[in-house]
Amino acid sequence: MGPLTDRALALDAADPLAKVRERFVINDEFVYLDGNSLGRLPKATIERMRSVVEDEWAHELVLGWSHWLDIGLDIGAKLAPLIGAAASEVVLCDQTSVNLYKLAVAGLRHSGRTDIITDEGNFPSDRFVLGAIASAAGGRLILAPEDPTAADVRSLATTNVGLVSFSHVGYRSGAMLNAAAVTQAAHDAGALMLWDLAHSAGAVPVELNAWGADLAVGCTYKYLNGGPGAPAFLFVSEALITELEQPMSGWYGHEDQFAMAAKFIPAGDIRRFVVGTPPIVSMVGADEGIRVTAEVGMAAIRTKSLALTDFFIEALGTMPQHGFTLITPGGHEERGSQITIQHPEGYRISLALRKAGVIPDFRAPDLIRFGFTPLYTTFGEAAQAADVLDRVMSSREYEDFEAIRMGVT
Ligand SMILES: *Cc1c(COP(=O)(O)O)cnc(C)c1O
């Protein structure tokens, strides 16, 4: 055991969140550092999903809707404090990409303008969806540099820009933006601000109302551990809810859903952004994941996240000979809960790591991401990942793998 491992064991022994790991199913041999792509399974989710299927669906059948109907609102209320929002401003529904579409169309229409600013490093759905919306409005999508700043917004904004939309934490770099300053710059330009919180919710403190944010979307299957394909969430600030018209007017968004009315009249609350029937089994997965996060609290999660990522950055610093570039910013204020390194052989290195039992992920063309989920990631795992990385590089084990990319990375 090296000094790194010794220190990791001491940090784990002193970790106030150490026991939370026991609330997750961990029966694999992996060092799992991909919770930023798909979080682990909370034990409580198994019983909850069983109960929804065997007790509720099997016995209640359609009568179950008497308590399922508002499940998206109920879970939204539970999530709201974790993202600095009021309960009435958040709902779980659809996917992040779909929610982004609904809110971006609504926001751009409300602005009466045609152009949208995002950044060239933003997630594909974000760039694709926002690009299509701007062009349908007869405008254009303006691309700021990756990991943009308030100054970028100021220099790119014109009187045509009605919406600015960035990821609060970049999925590639793990960089965290100064959300209050960026939101202010968007407002100064007369635009609304839409945040994508996919890599923020459950990972870093989010203060939507304190930032002055107008709109936000995010995932529940990453740091919130809701399960594969768990429903996403959306946020609309209170003052805007009744001002906005979303483009997908479904029956769930009607002010009187079961009136089966001839004409669409949007609900006077956050329901107007819901489209159709929620996936109940997946919804309860999101509920259990959010429950664990809410019980632990974002302050404790953030403290451990910074300690874990500091530890891993320090470990990387002991192996300069391997030629990695650390992409994630070093400053605490500028970092999410993942560490990204760049290497020309990134893809083959990520395969060699997987073979050696360390699961990071790979993002084309040359980035390896290590996600740290404080609820279940240990310092020991961070040390082991660093050791394995060092070994894979020193032995050039990665050269045994084909450089042709296949399947999910
Ligand atoms: C993961 C992720 C998404 C995922 O969108 P889905 O519609 O759930 O597939 C969207 N935006 C960002 C920034 C992401 O990281």
Dipole of the chain (Lys/Arg Cβ +1, Asp/Glu Cβ -1, origin at the Cα centre): which of LEU69, ALA364, ASN178 lies farthest to the positive side? ALA364
Considering only protein heavy atoms, with the full assembly of protein chains and a 1.4 angstrom probe, order TRP251, TRP57 by accessible area, largest first. TRP57, TRP251
So what's the net charge close to THR277: Lys and Arg +1, Asp and Glu -1, counting the other residues with Cβ under 13 Å from its Cβ? -2
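Report the gain in length on full extension from PHE128 to THR5: 0.36 nm times residue separation, minus Cα-Cα distance, nm rounded to one decimal.
39.9 nm
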Can you compute the charge dipole magnitude of the range 264-409 about its Cα centre, using +1 on each Lys and Arg Cβ and -1 on each Asp and Glu Cβ, nothing else charged? Give it in debye, rounded to the nearest 20. 380 debye
From phi via Karplus (6.51, -1.76, 1.60), per-residue ³J(HN,Hα) for the range 271-282 in Hz, x at Gly/Pro: 4, 5, 9, 8, 10, x, 4, x, x, 4, 5, 5
Tell me, what is the 1.4 Å probe accessible area of MET49, in Å² to the nearest 10? 60 Å²
With everything on Cα atoms, drop me the angle between helix 179-188 and the longest principal axis of the chain, reported from 0 to 90° to the nearest 10. 40 degrees
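Express as a percent, rounded to the nearest 5, the fraction of DSSP beta bridges in the chain (both residues included) that run antiparallel. Can you show the working numbers first?
Values: 21 of 38 bridges.
Taking every DSSP beta bridge with both residues in the chain, the antiparallel ones total about 55 percent.
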Determine the dipole magnitude for the range 204-310: charges of +1 sit on the beta-carbon of Lys and Arg, -1 on that of Asp and Glu, nothing else is charged, the reference point is the Cα centre, and the result goes in debye to the nearest 20. 300 debye
Under the rule a/c < 1.5 gives rounded, and otherwise a/b versus b/c splits prolate from oblate, where does the chain land using the Cα gyration tensor? oblate
Between THR158 and ALA13, with labels modelled 7 Å along Cα→Cβ, what's the label distance in nm to one decimal, could you check? 6.4 nm
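When you count, for each residue, the other Cβ atoms within 10 Å and take the mean per peptide, how do 14-22, 277-285, 377-385, 191-199 rank with the highest first?
Result, highest mean first: 191-199, 377-385, 277-285, 14-22.
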Mind ranking 75-86, 322-333, 159-170 by how tightly packed they are, going by the mean number of other C-beta atoms within 10 angstrom, highest first? 159-170, 75-86, 322-333
Would you work out which of THR5, LEU79, VAL217 lies farthest towards the positive end of the dipole of the chain, given +1 charges on the beta-carbon of Lys and Arg and -1 on that of Asp and Glu, about the Cα centre? VAL217
Using the Cα centre of the chain as origin and beta-carbon charges of +1 (Lys, Arg) and -1 (Asp, Glu), tell me which of ILE142, PRO266, GLN338 is placed farthest towards the positive end of the dipole. ILE142
Need one value: the accessible area of CYS219 in square angstrom, 1.4 angstrom probe, rounded to the nearest 10. 10 Å²
Would you mind computing, in nm to one decimal, how far apart the modelled labels at THR325 and PHE264 are, each placed 7 Å from Cα along Cα→Cβ? 4.6 nm
Could you list which residues have their amide H under 5 Å from that of PHE166, counting only those 5 or more apart in sequence or on another chain, with H placed in the peptide plane? LEU194, ASP196
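State the extension gain, in nm to one decimal, for the chain segment bounded by ALA58 and ILE26, taking 0.36 nm per residue of separation less the distance between their alpha-carbons.
8.6 nm
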Scoring the range 47-295 by relative contact order with C-alpha pairs under 8 Å, at least six apart, yields a percentage of 23 percent
The range 238-316 and the range 84-155 have their Cα centres apart by a whole-number Å value of 17 Å
For the chain, give the magnitude of the charge dipole about the Cα centre (Cβ charges: +1 Lys/Arg, -1 Asp/Glu; no others), in debye to the nearest 20. 320 debye
What nm distance separates the two modelled labels at ALA87 and GLU333, each placed 7 Å from Cα along Cα→Cβ? 3.4 nm
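The values are calculated or read from the model by the stated rules, or taken from the named source; none is laboratory data. In this text, all values refer to a predicted model and were calculated from it rather than measured experimentally. Neighbour counts are summed over all protein chains in view; Cβ atoms, including those assigned to glycine, are modelled from backbone coordinates with ideal geometry. What goes into the accessible areas is simple: the full protein's heavy atoms, side chains included, and nothing from ligands, DNA or RNA. Shrake-Rupley method; radii C 1.70, N 1.55, O 1.52, S 1.80 Å.
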